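This report concerns only the one structure given below.
The values are calculated or read from the model by the stated rules, or taken from the named source; none is laboratory data. All figures in this text were calculated on a predicted structure; none of them were measured in a lab. Every residue, glycine as well, gets a Cβ built from its backbone with ideal geometry; the counts of neighbours run over all protein chains shown.
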Amino acid sequence: MLQIHISKRALLLAATVFCGTAVIAQRAAVPAQRSPAASLTIQTEPTAIVWLDEIRRGATDSSGKLVLLKISAGHHVLRVRANGFSEATIPLLPAKRGVIPVRLVRTSDEAELSFQQAEEAREKAKDDQTRKTAVELYRRAFRLRPAFAAAHVGLARVLMDLNQNQEALAEIAAARRTRPIYAEAAAVEGRIYREMAFADDAVKSFQRAIREARGPQPEAHVGLARVYEDRGQYEEAATEYQTAIKQLADTEPVIYQLLGAALERLQKYKEAVAAYEKYLELAPNGSLAPAVRSILDQVRRQAAGEQLSPN
């Protein structure tokens, strides 16, 4: 591999942070027209965050609307949160498609409000000082409500960002004391162990997250992929990235970039080209797009050389 190619990939990976339920910065653009049978339109409060089957799918616009694409047949669970309102979780039956109104009720619960403020502060944090503000808001939330598992997991995420990994693990343990089966907690635990270079423990935690989810858990699949990459197991890494992509319904373009890098390592250049092209299709103006285009030019040449080489 050319040295410039390695350097650009290193730049990409350094800029890439998979934030799990908080998610990666680049989001897929929503096409203007899709078959109604394959989509849902959520109508609720403005700027509300929407999860489907515990996968964050985006936020509503100023009119309170969000279109969810690529909705598979079968039952789903919808979760909606807006600042100042009680969170709502509703089941979606297979026949329930089209426009889904979700009425949220205002709340005066100080623990819930502190948690919402903490989540917003963590997602917007640009430096350690703003992360520390999120830490205090999370701690206030579970001082007001001790059995607040989600607040402990949120605090674990921000403590990991502050490189306070032992403290982050303690928060995961606290979350499990009130919610023993908690897939998100296990996925975050796996990420913490990987940061600490405890690869075997990370794998166990990611696998536990997948078991406990009993359905989609893309954060754990991406985490497993990163561990496999650390070990040079690029075939296994590519498989995990592909699983995460299927579960995320193209809402996380950056995983295509990660998949492309793994496929390059396997010298599967044609497949790598397809992965990089998909990233650019979904995030043409993303911050990683210029570097991906540069890499893509080189991989296309390698793919062309591969086709011309004798069998």
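Whenever a residue of region 65-92 is closer than 22 Å to residue 120 by Cβ, its partners that are loosely packed, with under 14 Cβ neighbours inside 10 Å and charged (D, E, K, R), lying with C-beta atoms within less than 7 angstrom and at least six residues away or across chains, give the pairs 84/106; 85/106. Taking region 162-186 as the range and being over 20 Å from residue 196 (Cβ atoms) and either touching a Pro at 6+ places or on another chain (Cβ under 7 Å) or assigned to a helix (DSSP H, G or I) (or both) as the test, the residues that pass are 177, 178, 183. Residue 78 - would you say it is closer than 26 Å to residue 244 by Cβ, at pLDDT below 95 and assigned to a strand (DSSP E or B)? Spelling it out, residue 78 is indeed closer than 26 Å to residue 244 by Cβ, at pLDDT below 95 and assigned to a strand (DSSP E or B).
Apart from one condition, residue 83 fits all of (1) assigned to a loop (DSSP other than H, G, I, E, B); (2) touching a Lys or Arg at 6+ places or on another chain (Cβ under 6 Å); the exception is (2).
Just checking, does region 294-307 include any residue being within 30 Å of residue 71 (Cβ to Cβ) and either among the hydrophobic types (A, V, I, L, M, F, W, C) or in contact (Cβ under 8 Å) with a residue 12 or more places away in the chain (or both)? No; the residues of region 294-307 include none that is within 30 Å of residue 71 (Cβ to Cβ) and either among the hydrophobic types (A, V, I, L, M, F, W, C) or in contact (Cβ under 8 Å) with a residue 12 or more places away in the chain (or both).
Figure legend. Inter-residue proximity from region 269-282: first residues free of Cβ contacts under 8 Å to residues at least 12 places away in the same chain, second residues hydrophobic (A, V, I, L, M, F, W, C) and buried (at least 21 other Cβ atoms within 10 Å of the Cβ), beta-carbon distance below 7 Å, spacing 6+ or different chains. Indicated pairs: 271/263.
Among helices (runs of 4 or more DSSP H) entirely within region 216-305, having at least 3 residues that are more than 26 Å from residue 192 (Cβ to Cβ) and acidic (Asp, Glu) singles out 269-282. Kindly evaluate residue 133 against the criterion of being among the β-branched types (Val, Ile, Thr), more than 25 Å from residue 47 (Cα to Cα) and not assigned by TED's automatic domain parsing to the domain that holds residue 45. Spelling it out, it is not the case that residue 133 is among the β-branched types (Val, Ile, Thr), more than 25 Å from residue 47 (Cα to Cα) and not assigned by TED's automatic domain parsing to the domain that holds residue 45. The set of residues from region 240-268 being closer than 21 Å to residue 56 by Cα, of a type in the set (S, T, N, Q) and free of Cβ contacts under 8 Å to residues at least 60 places away in the same chain comprises 242, 243.
So is residue 61 among the acidic types (Asp, Glu), exposed (fewer than 14 other Cβ atoms within 10 Å of the Cβ) and either within 30 Å of residue 290 (Cβ to Cβ) or modelled with pLDDT of 50 or more (or both) or not?
It is true that residue 61 is among the acidic types (Asp, Glu), exposed (fewer than 14 other Cβ atoms within 10 Å of the Cβ) and either within 30 Å of residue 290 (Cβ to Cβ) or modelled with pLDDT of 50 or more (or both).
Residue check: is residue 257 buried (at least 20 other Cβ atoms within 10 Å of the Cβ) and among the polar types (S, T, N, Q)? When the stated conditions are applied, residue 257 passes them.
For region 128-156, the set of residues classified as touching a Ser or Thr at 6+ places or on another chain (Cβ under 6 Å) and farther than 12 Å from residue 182 by Cβ consists of 137, 140, 141, 147, listed by residue number. Number of residues in region 120-129 that are in a helix (DSSP H, G or I), free of Cβ contacts under 8 Å to residues at least 60 places away in the same chain and surrounded by 14 or more Cβ atoms within 10 Å (Cβ to Cβ): the value is 2.
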